[in-house]
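The values are calculated or read from the model by the stated rules, or taken from the named source; none is laboratory data. Since the model is a prediction, treat every value here as computed from it, not as a measurement. Note that we place each Cβ from the backbone using ideal geometry, even for glycine, and neighbour counts take in every protein chain shown.
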């Protein structure tokens with residue numbers, strides 16, 4: 001991730017058939033919005049939702065990161081969804097149940113054609129694929145390397161646990177494994193760090209914060225959220241803290257001074273510091289600058 005690219009820490013879902021909630025989402029402090037044409041919209045209401053979102057994405061400021069989650073390929077509705085929303089200022093498409101690189105390439109080709117027809121700038125519409133089945137997680141590396149417009153992946157615990165035939169939860173080694181596979185695949189493919197699954201219990205503030213911090217520790221850039229009251233916590237969790245910024249600056253400055261004196265490994269506050277740790281500290285400072293938390 002470039003030091004100049006602002007991370008997307010919060011991805012707020014809004015039901016694509018609820019105009020009021022979509023408008024409120026646009027006004028929220030979330031870094032990105034996911035207007036949902038999939039699970040949040042009844043089958044009979046999908047045509048109306050497409051029309052509504054077509055108008056909404058045209059009216060939103062280009063600076064607002066607006067994504068639309070379309071229906072997966074197995075439904076036969078993906079192409080119609082894309083035709084409706086690949087317009088205006090849309091930033092990207094969220095592709096559910098991504099299970100192969102071929103799915104990524106087909107969706108990318110469809111978006112290419114629609115973008116040309118709409119006269120949209122090349123590369124305006126990116127894509128986030130959701131790994132939410134056993135097949136998707138086991139093929140994470142292949143999917144992440146699918147190319148096209150894919151910019152990142154999301155891990156989805158709800159459908160993943162359903163696919164495994166176990167109760168829906170945010171806790172368990174099977175979920176941690178799925179997250180690790182997702183993060184490793186993104187890193188290996190050189191795309192942006194992944195997005196973590198939603199946290200289902202909107203009343204459990206402590207559990208939500210712990211889930212955010214776990215995902216951050218596994219290499220995720222941010223989290224999908226389902227309620228505005230989760231945004232501030234997620235934004236804070238995926239941002240460097242004041243202490244982290246101060247420590248990173250100390251490491252970088254101390255090492256630069258030592259290196260000028262011909263020293264390649266030093267101790268800072270009792271900890272051994274080498275080139276790898278300096279690189280990590282510099283990444284943290286770059287992240288803080290992208291978020292305007294440091295000079």
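Based on what the data block shows, is residue 27 closer than 17 Å to residue 235 by Cβ and over 15 Å from the mean Cα position of the chain (by Cα)?
Criteria met by residue 27.
Could you name every one of the helices (runs of 4 or more DSSP H) located completely within region 1-91 that has at least 3 residues being under 19 Å from residue 126 (Cβ atoms) and in contact (Cβ under 8 Å) with a residue 24 or more places away in the chain?
Those helices (runs of 4 or more DSSP H) span 46-59, 78-85.
Just one of (1) buried (at least 19 other Cβ atoms within 10 Å of the Cβ); (2) at pLDDT below 95; (3) within 29 Å of residue 152 (Cα to Cα) trips up residue 241, so point out which.
For residue 241, the failing item is (1).
Please go through region 118-156 and give me each residue that is crowded, with 23+ Cβ neighbours inside 10 Å, part of a strand (DSSP E or B) and in contact with a helix residue (DSSP H, G or I) (Cβ under 7 Å, 6 or more places away or on another chain), ordered by number.
Matches in region 118-156: 129, 131, 150, 152, 153, 155.
Considering (1) surrounded by fewer than 17 Cβ atoms within 10 Å (Cβ to Cβ); (2) outside the structural domain of residue 193 (by TED's automatic domain parsing), say which one residue 251 fails and leave the rest.
Residue 251 satisfies every listed condition except (1).
Tell me yes or no: at least one residue of region 260-281 is free of Cβ contacts under 8 Å to residues at least 24 places away in the same chain, assigned to a helix (DSSP H, G or I), assigned by TED's automatic domain parsing to the domain that holds residue 137 and loosely packed, with under 12 Cβ neighbours inside 10 Å.
So far as region 260-281 goes, no, none of its residues is free of Cβ contacts under 8 Å to residues at least 24 places away in the same chain, assigned to a helix (DSSP H, G or I), assigned by TED's automatic domain parsing to the domain that holds residue 137 and loosely packed, with under 12 Cβ neighbours inside 10 Å.
Suppose the filter is assigned to a helix (DSSP H, G or I), in contact with a strand residue (DSSP E or B) (Cβ under 8 Å, 6 or more places away or on another chain), modelled with pLDDT of 95 or more and more than 21 Å from residue 42 (Cα to Cα); does residue 115 pass it?
no
Being out of contact with any helix residue (DSSP H, G or I) (no Cβ under 8 Å at 6 or more places or on another chain), modelled with pLDDT of 95 or more and not in a helix (DSSP H, G or I) narrows it down to one residue among 224, 206, 210; which is it?
Answer to the selection: 224.
Restricting region 157-176 to residues that are touching a residue at least 40 places away in the same chain (Cβ under 8 Å) and more than 11 Å from residue 133 (Cα to Cα), which is surrounded by the fewest Cβ atoms within 10 Å (Cβ to Cβ)?
176
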